[in-house]
1. Residues that are more than 20 Å from residue A:417 (Cα to Cα) and over 17 Å from the mean Cα position of the chain (by Cα): list the helices (runs of 4 or more DSSP H) wholly contained in region A:433-527 that include at least 1 such residues.
2. When the residues of region B:29-50 are narrowed to those that are in a helix (DSSP H, G or I) and more than 14 Å from chain A (Cβ to nearest Cβ), which ends up surrounded by the most Cβ atoms within 10 Å (Cβ to Cβ)?
3. Anything in region A:241-255 that is within 23 Å of the chain's Cα centre (by Cα) and either facing chain B (nearest Cβ under 10 Å) or under 18 Å from residue A:307 (Cβ atoms) (or both)? List them, or say none.
4. So residue B:88 passes all but one of these: (1) without any contact (Cβ under 8 Å) to a residue 60 or more places away in the chain; (2) away from chain A (no Cβ under 14 Å); (3) outside any loop (DSSP other than H, G, I, E, B). Which condition number does it fail?
5. Considering only region A:184-213, state which residues are surrounded by fewer than 24 Cβ atoms within 10 Å (Cβ to Cβ) and within 17 Å of the chain's Cα centre (by Cα).
6. Residues in region B:58-75 that are at the interface with chain A (Cβ under 7 Å from one of its Cβ atoms) and in contact with a strand residue (DSSP E or B) (Cβ under 7 Å, 6 or more places away or on another chain): how many?
7. Quick one: count up the residues across region A:205-218 that are assigned to a loop (DSSP other than H, G, I, E, B) and either within 14 Å of chain B (Cβ to nearest Cβ) or touching a strand residue (DSSP E or B) at 6+ places or on another chain (Cβ under 6 Å) (or both).
8. Sort out which residues of region A:355-382 are free of Cβ contacts under 8 Å to residues at least 60 places away in the same chain, over 24 Å from residue A:330 (Cα atoms) and surrounded by 15 or more Cβ atoms within 10 Å (Cβ to Cβ), and write them in order of number.
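The values are calculated or read from the model by the stated rules, or taken from the named source; none is laboratory data. Remember, predicted model here, so these are calculated numbers, not experimental data. For neighbour counting, all protein chains shown are included, and Cβ atoms are generated from backbone atoms with ideal geometry for every residue, glycine included.
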């Protein structure tokens, strides 16, 4: 089966990210399915950043440690990534800047001769990569014309020099089928929200959710959105409640630190029954933690954030198609039940780039909110209040209102029984099951298929879809839970619901599981 | 002229003699007169924080958003952005907006968003039973500062002027006629307006006599002159003994923030085709 990976690396400021997505677009044009893992430090210039572009005959949403091409623009790339190369792997490097074995191209010299800017070294190495891999120049030309808007001619010229300076080594054949869109999880969340009737997006920038803010801001006119970046996450959350009060569907986005500041507003949403939707992009904590890396550590936080007891909906989409459906659904459910919804993403899903299959993505539809009605006195209140919204401390009204707010959870859970909150993959009869949630679906399904195991993935976290989980895990004697945290948060939730987890595989170094790594860890557990 | 019933079922729990009564009564008269001038009461939204002042929204039968402590401004801004046709009026306390939520006030002034803030500035925390606030004078003995505060107060109007507010005024709860006049002017002003009301807390900080001896109404003052406005705002620093000017200090015009959001969302089929288009571009 065709399945290979290309790693491109260098210092932040080299344009590695852009180069990675151009390589992905080129491979996408060949009918291959794509996934990009992006690894970068929290700084603007310097440091070491890399992208792994994996291409395969089948749909994929996880990266592999071993790669088939390393494109090195600096010495550090050779030092750090040379050992990732497969036996027949090719190391393509700038021989006028880097000492290495492999396929050297005098990239810096070409740049000098052409009097081009330093950043075009990545353009040059893409040209060389295409020639070496046996990809037609026409495809590169087409992708460049579509994706590069500044100094296109000069970029094409430099790429051509890189192309001509290399010798063909491989021959990647195209698969005759239509390429699919390539988008980030953040874009998929944004599109799903827009589809479900979003009118306003409010956020304070914070990795890994800033991508949604950028998506919304740059498409505000196109989709008729009001996009606001206020002074703090406290303001973000309270503004969102103001929009809800005025009858406009609004969503906010942040990460754990920002969510801390939003919790007073979250609780207010619960009390005043003002719909709210929060995209909570997870990254490693505690505190500032590793800002540009990944984790699944906010599950318990999302479950219990905010003072008092109130109904909430929590969903953790696996990939862009899942995110498109569930982000829209989270918005609709928030408005239908007048509750807060939390969309738990993580850096892996939010900033990873995936193929998006328009055909297979479910459409959430649109719940129409009761918009502003003149003539009715509308009172929202953060205090306990009577049905008219007037403050009360009366014990009977207090109990009645609290019961009414909490009763929503039952109706919500019942409605969710009709949705695919949990899905089964791999060998559905295997007694060994990998249980996962959120972005770990891709890597778990791949490992399960390889090892002939069952993989069970939950998108909905709360209300916990107990019936669907039990049904999906029926007959599994050994349940191995896979999570990106140190305390097995989802496994703990399942154990409370009477689903006994036999073993936890946990990774909490900020990096997602690679396919080989998870296979190795699972093999140990099933013997 | 049609009379509204502005009362609600809520029982009023302010102390007898509380300065909040003057603010509420002045405001109710203004609501009536706005309605007579073609601003329907249905289009008015009141936002309040937490504190004695905030109960005002329970007592007036008008659309309201009873927010959290320090969080009057953000929902008020959002309601205005969502529905620019509404008149959004925030009631807030000095602990509430000059303390916990002061950043929101600064940003709202910076944006010149078209909302009105009425600050019940009694210079003491009433509902939490008598602690100092950002505008209490130096040495104020409260329950959290029994030996007296060690920090001088801020001058909120000076801060608002430098933040970009386009309408600034001061009144007192002993001067209801002036309050009526400046509330109405503030509400009709296009842009961010703030009225600092020296509202007296009879229980924890009774300043009636003190204010009565020192206040005077501005006359011959040009509110469009920034430097004059600044000089008058600085005449009393909320700390040292001085004459206390009342009235409109400052008034100017510049574009307001909510005007940037007049887009309309396309209908569902158009949105759908725009999404498909976006995805096509991503191939």
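1. Numbers: elements: A:441-451, A:466-472, A:489-496, A:515-526.
Filter on region A:433-527 gives A:441-451, A:489-496, A:515-526.
2. Restricting attention to region B:29-50, the residues satisfying the condition of being in a helix (DSSP H, G or I) are B:29-36, B:41-43.
Those left that are additionally more than 14 Å from chain A (Cβ to nearest Cβ): B:29-30, B:32-34, B:36.
Values: B:29: 16, B:30: 21, B:32: 16, B:33: 14, B:34: 19, B:36: 10.
The selected residue is B:30.
3. Step one: filter region A:241-255 for residues within 23 Å of the chain's Cα centre (by Cα), giving A:249-255.
Listed by number, the residues that qualify are A:249, A:250.
4. (2)
5. A:205, A:206, A:207, A:210, A:211 - these are the residues of region A:184-213 that are surrounded by fewer than 24 Cβ atoms within 10 Å (Cβ to Cβ) and within 17 Å of the chain's Cα centre (by Cα).
6. Initial filter on region B:58-75 (at the interface with chain A (Cβ under 7 Å from one of its Cβ atoms)): B:58, B:61-68, B:71, B:74-75.
Remaining after also requiring in contact with a strand residue (DSSP E or B) (Cβ under 7 Å, 6 or more places away or on another chain): B:58, B:62-67, B:75.
Of the residues in that region, 8 qualify.
7. Our first condition is that a residue be assigned to a loop (DSSP other than H, G, I, E, B); within region A:205-218, this holds for A:205-209.
From what's left, either within 14 Å of chain B (Cβ to nearest Cβ) or touching a strand residue (DSSP E or B) at 6+ places or on another chain (Cβ under 6 Å) (or both): A:206, A:208-209.
Here the count works out to 3.
8. Listed by number, the list holds a single entry, A:379.
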